[in-house]
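To start, the structure itself, in structure tokens.
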Amino acid sequence: MEDLFGEGETEGEDVDYGDTMSGMCLNTKILIPTYEPGGLDAKIYPHWASSPTYTFVSIKNGEPDEVNIYRLESDELLINLIKRLDVKVVVASSLSIRALELLEKIGTRVAISQSIRVKDAISKFCNGELYFVKICRYKL
């Protein structure tokens, strides 16, 4: 596997689920893959990269302040949308190792949620009930 981070320890990889959200809910920007039509009441889409819409939630002082719905243009990459919106946290039900690597590389954290709707995932995020996921690198 290619060493994307220059750390030299990519022969073994594992995923760490141990870090919670404590303190992040005050002010942050979150992106969640969603079914049409998107928004706080939308259901979370199970496949990150092929989602029909992405719901962007800006949290200010612990409350949703701004909610926008995005659809990728035919030639737009999801990673570019994340960079453009300055997303700090992605909430999803699952992601590939490659997606985790790309998000980690740009400083966007990933939280896993099995919630059905966006508003429930946001509530759990703000209550510290979700966990961040990160790739752990080690030599075998």
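Would you check if SER115 is over 16 Å from LYS29 (Cα atoms) and either free of Cβ contacts under 8 Å to residues at least 24 places away in the same chain or touching a helix residue (DSSP H, G or I) at 6+ places or on another chain (Cβ under 6 Å) (or both)? Walk me through how you get there before you give the answer.
Details: over 16 Å from LYS29 (Cα atoms): yes; either free of Cβ contacts under 8 Å to residues at least 24 places away in the same chain or touching a helix residue (DSSP H, G or I) at 6+ places or on another chain (Cβ under 6 Å) (or both): yes.
Taking the combined requirement at face value, the residue satisfies it.
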Test set (1) part of a strand (DSSP E or B); (2) at pLDDT 90 or above; (3) surrounded by 14 or more Cβ atoms within 10 Å (Cβ to Cβ); (4) not β-branched (Val, Ile, Thr) - LYS134 fails condition number: (2)
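Can you give me the ranges of the helices (runs of 4 or more DSSP H) entirely in region 50-128 with at least 2 residues that are over 20 Å from GLU36 (Cβ atoms) and touching a strand residue (DSSP E or B) at 6+ places or on another chain (Cβ under 8 Å)? Working first, answer last.
Details: elements: 78-85, 97-105, 118-126.
Passing ranges, in order: 97-105, 118-126.
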Please determine whether any residue of region 126-136 is in contact with a helix residue (DSSP H, G or I) (Cβ under 9 Å, 6 or more places away or on another chain), basic (Lys, Arg) and over 22 Å from GLU63 (Cα atoms). yes
Taking ASP86 as the residue in question, decide whether it is in contact (Cβ under 8 Å) with a residue 60 or more places away in the chain and in contact with a Lys or Arg (Cβ under 7 Å, 6 or more places away or on another chain). no
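The values are calculated or read from the model by the stated rules, or taken from the named source; none is laboratory data. These numbers were taken from a predicted model, which means no experiment stands behind them. Note that each Cβ is placed from the backbone with ideal geometry, even for glycine, and that neighbours are counted across all protein chains shown.
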